[in-house]
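Notes follow once the structure below has been shown.
The values are calculated or read from the model by the stated rules, or taken from the named source; none is laboratory data. The model shown is predicted, which means the values in this text are computed figures rather than measured ones. Quick reminder, even Gly has a Cβ in these numbers, built from the backbone with ideal geometry, and neighbours come from all protein chains shown. For the accessible areas, the whole protein counts, side chains as well, though only heavy atoms, and no ligand, DNA or RNA atoms are used. Shrake-Rupley method; radii C 1.70, N 1.55, O 1.52, S 1.80 Å.
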2 protein chains.
Amino acid sequence: MNLDAAFSALADPTRRAILTRLALGEATVMELARPFDMSQPAVSRHIRVLSDAGLITQRVDGTRRPCKLAPEALSEIDRWLAMLRDALTRNYDRLDALLAEMKNSSEEKNHE
Amino acid sequence: MNLDAAFSALADPTRRAILTRLALGEATVMELARPFDMSQPAVSRHIRVLSDAGLITQRVDGTRRPCKLAPEALSEIDRWLAMLRDALTRNYDRLDALLAEMKNSSEEKNHE
């Protein structure tokens with residue numbers, strides 16, 4: 001999966017709503033078009049973007065082509081965000097350690 | 001924060017690298033430009049996009065304008081992804097329950 005394409009696909013409220021719907025279970029383009037009050041071609045274009053980004057997959061079931069979420073793509077996004085959050089937390093921990101050290105040495109000075 | 005703008009800002013590898021750098025601590029545009037081998041105006045443009053999306057903040061410190069990550073923006077993205085993952089998990093749980101029910105009723109049939 002390509003993080004550029006994934007984040008770019010997520011930058012649209014209709015595509016995020018389609019993903020939220022698909023998290024509840026498979027749906028065809030026709031089933032997706034109904035609640036969104038969109039034309040099937042418009043939904044199909046969004047499905048293409050989500051599919052190209054690896055966020056959903058489409059399988060053939062007779063004449064139906066149901067779409068489903070690709071959980072491993074979400075995992076990759078989660079991993080990237082977790083890496084960022086971990087770096088941020090480690091940085092806070094370093095600052096905390098530094099502040100504690102400064103506090104200790106100033107207390108030691110006061111006791112001198 | 002606007003999720004459209006945030007995801008759109010994340011859809012660029014240089015901007016993701018800038019965020020990773022800022023997770024380690026504050027940095028000025030000049031400090032950011034150095035390791036990325038980019039001109040300061042190019043970095044400034046990326047900083048503007050990240051700042052408009054609410055992913056970073058910039059403070060004034062004399063003549064320096066250090067940038068830092070805005071952790072609450074990351075939290076909002078996390079919340080959206082968690083909502084999606086929860087819906088997905090609940091759906092899997094429902095499928096598991098349904099499969100267990102089908103298994104039980106077929107076993108009961110075998111015992112009749």
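Identify all residues within the range B:100-112 that are open to solvent by 70 Å² or more (accessible area, probe 1.4 Å), assigned to a helix (DSSP H, G or I) and of a type outside the set (A, V, I, L, M); write none if there are none.
Hits for the range B:100-112 are B:Glu101, B:Lys103, B:Asn104, B:Glu107, B:Glu108, B:Lys109, B:Asn110, B:His111.
Give the residue that is nearest to the other protein chains (Cβ to nearest Cβ), with candidates limited to residues of the range A:1-37 that are open to solvent by 60 Å² or more (accessible area, probe 1.4 Å) and assigned to a loop (DSSP other than H, G, I, E, B).
A:Leu24
Any residue at all in the range A:79-99 that's outside any helix (DSSP H, G or I) and either among the charged types (D, E, K, R) or modelled with pLDDT under 90 (or both)?
no
Select from the range A:1-50 the residues that are touching a helix residue (DSSP H, G or I) at 6+ places or on another chain (Cβ under 9 Å) and of a type in the set (Asp, Glu) and write down the one among them that is nearest to A:Arg64 (Cα to Cα).
So, considering only residues that are touching a helix residue (DSSP H, G or I) at 6+ places or on another chain (Cβ under 9 Å) and of a type in the set (Asp, Glu), the one nearest to A:Arg64 (Cα to Cα) is A:Glu31.
Considering only the range B:77-104, state which residues are more than 7 Å from chain A (Cβ to nearest Cβ), charged (D, E, K, R) and closer than 14 Å to A:Ile77 by Cα.
Listed by number, the list holds a single entry, B:Arg79.
Pick out the one residue from B:Ala5, B:Ala23 that is at pLDDT 95 or above, within 19 Å of the chain's Cα centre (by Cα) and of a type in the set (Gly, Ala, Ser).
Residue meeting the stated conditions: B:Ala5.
Return a yes/no flag: does the range B:38-56 have any residue that is in a helix (DSSP H, G or I) and within 9 Å of chain A (Cβ to nearest Cβ).
No, the conditions are met nowhere in the range B:38-56.
Would you point out the residue of the range B:60-99, among those that are open to solvent by 20 Å² or more (accessible area, probe 1.4 Å) and touching a residue at least 60 places away in the same chain (Cβ under 8 Å), that is nearest to B:Ile18 (Cα to Cα)?
Across the range B:60-99, the extreme among qualifying residues is B:Glu72.
Restricting the search to the range A:57-74, which residues are touching a Leu at 6+ places or on another chain (Cβ under 7 Å) and part of a helix (DSSP H, G or I)?
Selection gives A:Pro71, A:Ala73, A:Leu74.
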